[in-house]
1. Considering each residue of segment 22-38, count those that are assigned to a helix (DSSP H, G or I) and over 16 Å from the mean Cα position of the chain (by Cα), and give that number.
2. Run K50 past the list (1) within 17 Å of E112 (Cβ to Cβ); (2) of a type in the set (D, E, K, R); (3) touching a His at 6+ places or on another chain (Cβ under 9 Å) and report the number of the one that doesn't hold.
3. Within 14 Å of ligand 1 (Cβ to nearest atom) and among the small types (G, A, S): which single residue out of A134, A105 fits that description?
4. Any idea which residue in segment 90-114 is surrounded by the most Cβ atoms within 10 Å (Cβ to Cβ), counting only those that are touching a residue at least 24 places away in the same chain (Cβ under 8 Å) and touching an Asp or Glu at 6+ places or on another chain (Cβ under 8 Å)?
5. Regarding segment 53-64, can at least one residue be identified that is closer than 22 Å to G108 by Cα and surrounded by fewer than 22 Cβ atoms within 10 Å (Cβ to Cβ)?
6. Do we have L74 as under 16 Å from N36 (Cα atoms), within 11 Å of ligand 1 (Cβ to nearest atom) and buried (at least 16 other Cβ atoms within 10 Å of the Cβ) here?
7. Kindly establish whether Y24 is of a type in the set (F, W, Y), surrounded by 12 or more Cβ atoms within 10 Å (Cβ to Cβ) and touching a residue at least 40 places away in the same chain (Cβ under 8 Å).
8. Given the structure, is T41 part of a helix (DSSP H, G or I) and more than 9 Å from the chain's Cα centre (by Cα)?
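The numbers here are math on the coordinates, done by the rules we state, and not lab data. Source: prediction; values computed, not measured. Positions of Cβ are generated from backbone atoms using ideal geometry, with glycine treated the same way; all protein chains shown enter the neighbour counts.
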Amino acid sequence: MNTASFTTEAIQQAIAQGAITEAYQADPQQVIAALNQLRATEVTSYLQYKQHAYMAVSLFAPGLKNDFEAHATLELHHADLLAQRIQQLGGVPLYSPVDIAAQAASVGVRPEQGPTLREMIIENLLLERQQVAAYTSLIREIGDSDPTTRRLLLEILADTERHASELTDYLKSTAEVRS
Ligand SMILES: [Fe+2]
Ligand SMILES: [Fe+2]
């Protein structure tokens, strides 16, 4: 390509801004901060599901350990997707455990490990529901100002709603067995 037809200024701007053009209508710093906050909840969710997988050794529900493990893997994938987008927008994904814990706690998310499987499932359901609410609000806020971030958030929201619904189904089915 012949770069001679571009001004030095245009080339410098392109290098500095990467994927962000003047058509981008969101505030990148605000989006980066919101994505880092959501990512902190995903890392917390990953740690919580892993912990539950370690602790779920009930003979009555042998499949739960694998379910927790599968959910943990997907939460880490969500964290990765958000980190990639943060980097593309010119930001830095939070990597200090202290910062990650503080960001998650600022939206009321902390890893929990209840004494029974049922309590663990309820803890996971509550966390998934907090995320459903947070993703839905951010998607609405972003509107069409940042289509790529929006599409990514929609994808993660669909997984999160599926998780919440699976956990609810499990709680309902086990309650029916007991009654
Ligand atoms: Fe997730
Ligand atoms: Fe989830």
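1. Within segment 22-38, the first condition is being assigned to a helix (DSSP H, G or I), and the residues that meet it are 28-38.
Narrowing further to those that are over 16 Å from the mean Cα position of the chain (by Cα): 28-30.
Residues flagged as assigned to a helix (DSSP H, G or I) and over 16 Å from the mean Cα position of the chain (by Cα) within segment 22-38 amount to 3.
2. Condition not satisfied by K50: (3).
3. Values: A105 fails: within 14 Å of ligand 1 (Cβ to nearest atom).
Testing whether each residue is within 14 Å of ligand 1 (Cβ to nearest atom) and among the small types (G, A, S) leaves just A134.
4. Checked segment 90-114; the qualifying residue surrounded by the most Cβ atoms within 10 Å (Cβ to Cβ) is E112.
5. Step one: filter segment 53-64 for residues closer than 22 Å to G108 by Cα, giving none.
Looking through segment 53-64, none of the residues is closer than 22 Å to G108 by Cα and surrounded by fewer than 22 Cβ atoms within 10 Å (Cβ to Cβ).
6. Values: under 16 Å from N36 (Cα atoms): no; within 11 Å of ligand 1 (Cβ to nearest atom): yes; buried (at least 16 other Cβ atoms within 10 Å of the Cβ): yes.
Taking the combined requirement at face value, the residue does not satisfy it.
7. Details: of a type in the set (F, W, Y): yes; surrounded by 12 or more Cβ atoms within 10 Å (Cβ to Cβ): yes; touching a residue at least 40 places away in the same chain (Cβ under 8 Å): yes.
Judged against the criteria, Y24 is a match.
8. Here the answer is no, as T41 does not meet what is asked.
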